[in-house]
Amino acid sequence: MTDRKRVFSGVQPTGNLHIGNYIGAFRNWVSMQEDYDCIYNVVDLHAMTVPYDPSTFRAERIHLAKLIMAAGVDTDRSLLYFQSDVPHHAELAWILSTITGIGQLERMTQYKEKSDRAGQNLGLLSYPVLMAADILLYKVHAVPVGDDQTQHLELTRDVAERFNHRFGEVFPIPERITPEIGARIMSLQDPFSKMSKSDPNEKSRILLDDDPAAILKKVKSAVTDSDRYVRYDWEEKAGISNLLELFSVFSGRSIDSLVEEYHDAGYGTFKIAAAEAIAEGLAPVRERMASIGDGDVMSIMARGAEVAQEKAEQEMKPIRAAVGLG
Ligand code: TYM
């Protein structure tokens, strides 16, 4: 047991991971391992709230677990498992659902967007309650996520406060942790919408396991503007500003220094340099992907689930007691 502060975060096995997920969330997942007791999930129960193919789901779950490991989550230090392997998440979600208002759930942006596309279902509506359960189950201090999860985190905090008010002080109120640069990476094809796993246009996103040629092609075709100067200006130059953020994150250079160097270079030269920095930054992830076998992933995930079941059972006891169960 450690007395370090805890963090929890999760990612859905829906479609391939892109550099938005990496920059918005995973880089923090990896760096927080130094100072925190980290618990990470492949949130497969969440992924079932939109239409999916059960015959490929298992392979997708394993692939995502492998990517998380390849991105730098060290399973000797952090606990990683499939959400569905630990039933306590669903148990706590049920308890929390009894104190969550339907109106608040209906106002969630993600619910509105996804229910338009995927049709309405109860799972999709109560999605944020399960997410609150993931986080509150472990009484975590912080949750590293991208900007698009802000509303869900607010709901989690509300639910925790409501629970504490009704049943006694059980849950600490968790903080959201987002990166300073790259909390919301935009689509390469439309710099006014976020880069998304579900965008039908594959040129809109760079995948974590894209090779350098694919990265160059996608960056070259990124939508920019008709001006020719490289500036960091989200109002006038959203496409270029998005590429500047990507370039900065993967090169470790400041946006100011990149603007200084590429201001007059022309978009073609700037895009090639940005693509090279992204490809170089992702090279270690690609290499590690190739070296981890599916069998290893399965056994690591099984071990993670075993540890988590025990931990979660301990955590659930005072929660059950507070609501008069158990
Ligand atoms: P998901 O699977 O959509 O995304 C995983 C993480 O990637 C971040 N992200 C982005 N960051 C920057 N720019 C983007 N374009 C971008 N797109 C995605 C997301 O913010 C997220 O951090 N609801 C969550 C999964 C979840 C969860 C949790 C997260 C379930 N339970 C508990 C934290 C704690 C989701 O859909 O993530």
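Observations, loosely collected:
- Here the Karplus curve 6.51 cos²θ - 1.76 cosθ + 1.60, taken at θ = phi - 60°, turns the phi angles of region 172-184 into couplings of x, 8, x, 8, 8, 10, 10, x, 5, 10, x, 5, 9 Hz, with x standing for Gly and Pro.
- Pairs beyond 30 Å (Cα-Cα), from Lys203/Lys237; Lys114/Lys203; Lys66/Lys203; Lys139/Lys237; Lys5/Lys218; Lys112/Lys271: Lys139/Lys237; Lys5/Lys218; Lys112/Lys271
- Per-residue Karplus couplings for region 292-309, computed as 6.51 cos²θ - 1.76 cosθ + 1.60 with θ equal to phi - 60°, are listed in order as 9, x, 4, x, 4, 4, 4, 6, 5, 5, 5, 5, x, 5, 5, 4, 5, 4 Hz, Gly and Pro entered as x.
- Dipole of the chain, positive end: most advanced residue of Ala273, Leu325, Leu124 [Cβ charges, Cα centre]: Leu325
- Square roots of 5 times each gyration tensor eigenvalue, C-alpha, the chain, largest first, Å: 36, 22, 19
- Protein accessible area in region 224-304, 1.4 Å probe - carbon and sulfur %: 48
- For region 202-288, accessible area per residue (1.4 Å probe, heavy atoms of protein chains only), Å²: 48
- Most fluctuating residue given options Asp147, Asp209, Asp116, as computed from a GNM of the chain linking Cα atoms under 10 Å: Asp116
- A simple charge model with +1 on the Cβ of Lys and Arg, -1 on the Cβ of Asp and Glu and nothing else charged puts the dipole of region 202-288 at about 320 debye relative to its Cα centre.
- Assigned charges on the beta-carbon of Lys, Arg, Asp, Glu; region 93-175 dipole about Cα centre (debye): 240
- Highest-MSF residue in the chain out of Ser204, Ser78, Ser254 [GNM, Cα springs under 10 Å]: Ser254
- Candidates Gly182, Gly239, Gly168, ranked by Gaussian network fluctuation over the chain, Cα under 10 Å, top entry: Gly168
- The residues neighbouring Arg58, those whose beta-carbon lies less than 15 Å from its own, together hold a net charge of -3 under the Lys/Arg +1, Asp/Glu -1 convention.
- Extreme residue, positive dipole direction of the chain, given options Ser221, Tyr36, Leu246 (C-beta unit charges): Tyr36
- Scalar couplings 3J(HN,Hα) for region 278-286, obtained by applying the Karplus form with A = 6.51, B = -1.76, C = 1.60 to θ = phi - 60°, are 5, 4, 5, x, 8, 3, x, 5, 4 Hz; x denotes Gly and Pro.
The values are calculated or read from the model by the stated rules, or taken from the named source; none is laboratory data. Model, not experiment: these values are computed from the prediction. FYI the Cβ positions are ideal-geometry reconstructions off the backbone, even for glycines, and counts take in every protein chain you see. Side chains included, ligands, DNA and RNA excluded: accessible areas come from the protein's heavy atoms. Shrake-Rupley method; radii C 1.70, N 1.55, O 1.52, S 1.80 Å.
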